[in-house]
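What follows is a single structure, written as structure tokens, with notes after it.
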Amino acid sequence: MRKKKVEFPKCETCPKRTASVFCDLSEEEVTNMSANKGCNFYKRGQNLFYEGSRAIGVHCIYEGKVKLTKLGIDGKEQIVKIASDGEVLGYNSLLSQMPYNISAEALDDAVVCFLPTSTFSELIDNNKDFPRKMMQVMAKDTQDMEQRLTNWMQKSVRERLAEVLLLLHNRYQDKEKPQVIDVRLSREEIANLVGTATESAIRYLSELNTDKIIQLKGKEIIILDREKLLKVANIDMV
């Protein structure tokens, strides 16, 4: 059987660019970016970059999902974020001129573009609106991280798990089956998102399944009763 040929996108016609930080670039800037970028296909489990390595550019997800992880002092992986189509990765390390403080790994088959430092720096230096857009992205990421830290300190594991499921469902709702979370995570990955032991995540997932709030089918998670899940998460709305 012949392998399916991967069609790499051109910036000029990329539908993801219009909703990204690159949306307002001039035609000349888009052409230059397209000429200097590279594209790669990543299978699930392949790393885009590793924590501690030197940043030599930024990655932009064209298709697929990528988990951003950080190692704790005990060597345990903590999932910081799940990124998807149109999101830019690695910009913090590039702008601060420091090594990556996180690792990036494909959660499913993904097509990711790579923009070298020189081309990205040209946009920062020559486009007066681009730095502002990057600051907005950085501010949103910081706000999300602050909210997660607050939840870890103030909420129980069960509440955090319910909130994570709601957030995943909001962002990755299956278009054909709206109750399904369209991202497949292992129990360990869910635990790493919640910030707990795998055994605890399994126990609380099982409880939610028994209470018919969610339904578990392998790695597939189906939201059966959103209102009850909101109550478990101890929030009014997500």
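The values are calculated or read from the model by the stated rules, or taken from the named source; none is laboratory data. In this text the structure is predicted, and so the values were computed from the model without any measurement. Here Cβ is always computed from backbone atoms with ideal geometry, including for glycine, and neighbour counts include all displayed protein chains. Side chains included, ligands, DNA and RNA excluded: accessible areas come from the protein's heavy atoms. Shrake-Rupley method; radii C 1.70, N 1.55, O 1.52, S 1.80 Å.
A few points about this structure:
- Scope segment 199-231; condition basic (K, R), under 19 Å from L107 (Cβ atoms) and in contact (Cβ under 8 Å) with a residue 24 or more places away in the chain; matching residues: K219
- Restricting attention to segment 82-114, the residues being open to solvent by 10 Å² or more (accessible area, probe 1.4 Å), within 16 Å of Y42 (Cα to Cα) and free of Cβ contacts under 8 Å to residues at least 40 places away in the same chain number 0.
- Qualifying residues in segment 209-238 (those that are part of a loop (DSSP other than H, G, I, E, B) and surrounded by 14 or more Cβ atoms within 10 Å (Cβ to Cβ)) - the one modelled with the lowest pLDDT: V238
- Filter pass, M134 being under 30 Å from D24 (Cα atoms) and open to solvent by less than 40 Å² (accessible area, probe 1.4 Å): yes
- Every condition in (1) open to solvent by less than 20 Å² (accessible area, probe 1.4 Å); (2) in contact with a Leu (Cβ under 6 Å, 6 or more places away or on another chain); (3) more than 23 Å from D74 (Cβ to Cβ); (4) not aromatic (F, W, Y) is met by V194 except one, and the failing one is (3).
- Looking only at residues of segment 141-163 that are basic (K, R) and part of a helix (DSSP H, G or I), we find that the one that is modelled with the lowest pLDDT is R148.
- Complete set of residues in segment 141-169 that are open to solvent by 70 Å² or more (accessible area, probe 1.4 Å) and under 23 Å from S200 (Cβ atoms): Q147, L149, W152, M153, Q154, L167
- Only one entry in L71, L89 is within 25 Å of K10 (Cα to Cα) and not acidic (D, E), namely L89.
- Scanning segment 83-131 for residues that are of a type in the set (A, V, I, L, M) and touching a helix residue (DSSP H, G or I) at 6+ places or on another chain (Cβ under 9 Å) returns V88, L94, L95, M98, I102, L107, L115, L123, I124.
- The set of residues from segment 175-186 being farther than 21 Å from D225 by Cβ and either surrounded by 13 or more Cβ atoms within 10 Å (Cβ to Cβ) or modelled with pLDDT of 95 or more (or both) comprises just one member, R184.
- Summed over segment 25-49, residues that are touching a Lys or Arg at 6+ places or on another chain (Cβ under 8 Å) and not aliphatic (A, V, I, L, M) total 1.
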